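Before any comments, here is the structure.
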Amino acid sequence: MNWALLADILYIVMIIAICLHIVYHTPSADKALAYVLVTIFLPIIGIAVYFAFGANHRKQKLYSKKIVRDKTTLEILRERITMESEKAWDTPEPTIKKHKKLALYLLNDGMSPLLGGNEVKLLINGENKFPEVIETLKNARHHIHIQYYIFEDGEIAEQIKDILIQKAKQGVEVRFIYDDFGSRSIRKEFVDELIGGGVQAFPFYKIIFILLANRVNYRNHRKIIIVDGCIGFTGGINVSDRYINKPGQRYWRDTHVKITGPGVYYLQYLFICDWNFCSGKYLKLERDFFCTKPTTNGKAVVQIAASGPDSDVPTLMFSMIQTISLAEQELLITTPYFIPGEGIMDALHVAALSGVKIKILVPDKSDSVLVNAAARSYYGDLLAAGIEIYLYKKGFVHAKTLVSDGQLSIIGTANMDHRSFELNFEVNSMIYDKATAEQLRDIFYNDIKGAKRISPNTWKRRPFYKQLPEKLVRLLSQLL
């Protein structure tokens, strides 16, 4: 018997079987093609990569976002949310009327209410965020809910830990969710100290062996703090000393937001969903968990957009496409990871060719060589459509923001890439408020002073040896 021939036949059959499995179980054609190419041309590595990161064995059983256990209560909740949203739509505020389709989409898709009467405060960089967070935590009276992708042991983390333990001893309910991959530096002693101090702490989607399994996918990339149901924080800034920009450190440019008022409602909803999943407990809904009264001075209307592997559709990507399509004059986009995919690219092209002025701020150098190359492969098409691209050189820009027509602001955790749109649990705050948008617009124009605008002609004339690697990496962009 010719064993070599038999081995070759079995190998070919295995490759064909795996390729068929990829095609059948991968809904995205681009992603399926990328995995097929990797499997064929890098067979051993490609198969390992697919089954580690691409094969979706757990998605259907991974997560249940049911915050209530019976349909009657769910319908009552849905009716109340719709009623509250309709109140916001009745306002004469032009920002709301212009973006009603966007707000209606988020309501229908994710049951996210549109709520007015909020105070909104932009927090630029860690040195502005952390003092605000620490002061708010110290004043907590009923509960503190925290969840983070990266909660990294260090000076800031130690300060927050001490406050959480202190508040728990005072009788405040403290619940803490940390992503088991992003926050792996606190998995042992740090978390044990929290639990010993009375804090309820659980990892999100626990990893047993980090190098195995596609649990490295489906990470909880959200950054949420809720205090007493009426004050919420979210945005791009993780808990890490790198964000406080000490002298001699690499400069990190990031944006967070503090919301006070009913707009925190859906952030709390998301936290409770995640808590019920990762703790294995059922947290009963209490009136003190939700803020329903508008603040005295708050005028901003807020809506929260969220999605993840549990979503039937990529809500954040669709909401981004809708935002781009509703723009009439100007779009200002800041993102550290720009691998937009065809849907976002088409929306940007249509908007730009319809006369919308679009400016995109990205890092000059990403913290990933492959991501950097994949992002650059898109620049040529965008520049050809008249879109301005700025490379941030002052440091690393990690903010995830968008300003549309000086009226709508998006501040959140989601990057403009496949991983944020489909693989991670993410959250964005949609702020329908002219004052906030004008402030964020000023911040954007200040940021591009520390950036270099790409010249379309210079970019187009780049040598072949620079363009080819970028185009090759783009073939695998769905995998990054």
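The table below gives the values:
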{"read-out": "Across Lys138/Lys293; Lys161/Lys206; Lys98/Lys129, pairs whose alpha-carbon gap is larger than 24 Å", "value": "Lys98/Lys129"}
{"read-out": "Options Ile387, Met320, Asn415, ranked by Cα towards positive dipole end of the range 315-479, top entry (Cβ charges)", "value": "Ile387"}
{"read-out": "Span from the the range 283-308 Cα centroid across to the the range 400-444 one, whole angstrom", "value": "18"}
{"read-out": "Net charge over other residues, Cβ less than 9 angstrom from the Cβ of Tyr243 (K, R count +1; D, E count -1)", "value": "-1"}
{"read-out": "Built amide H within the under 5 Å cut-off of Ser112, gap 5+", "value": "Leu107"}
{"read-out": "Amide H partners (placed H, <5 Å) of Ser183, local residues excluded", "value": "Phe151"}
{"read-out": "Estimated vicinal HN-Hα couplings, Hz - the range 447-454 in sequence order (Karplus 6.51, -1.76, 1.60; Gly, Pro = x)", "value": "5, 6, 5, x, 10, 10, 6, 6"}
{"read-out": "Under the Karplus curve 6.51 cos²θ - 1.76 cosθ + 1.60, θ = phi - 60°, whole-Hz ³J(HN,Hα) for the range 463-471, x wherever Gly or Pro sits", "value": "x, 4, 5, 8, 6, 4, x, 5, 5"}
{"read-out": "Net dipole in debye of the range 353-425 [+1 Lys, Arg Cβ; -1 Asp, Glu Cβ; about Cα centre; nearest 20]", "value": "220"}
{"read-out": "Cα-Cα over 23 Å, subset of Lys400/Lys434; Lys357/Lys460; Lys121/Lys357; Lys299/Lys394; Lys97/Lys359", "value": "Lys121/Lys357; Lys299/Lys394; Lys97/Lys359"}
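Any read-out appearing in this document is the output of simple, stated calculations on the displayed coordinates, not a laboratory observation. Since we're looking at a predicted model, the values are computed, not measured. Ideal geometry is used to build each Cβ from the backbone, glycine not excepted, and the neighbour counts take in all protein chains shown.
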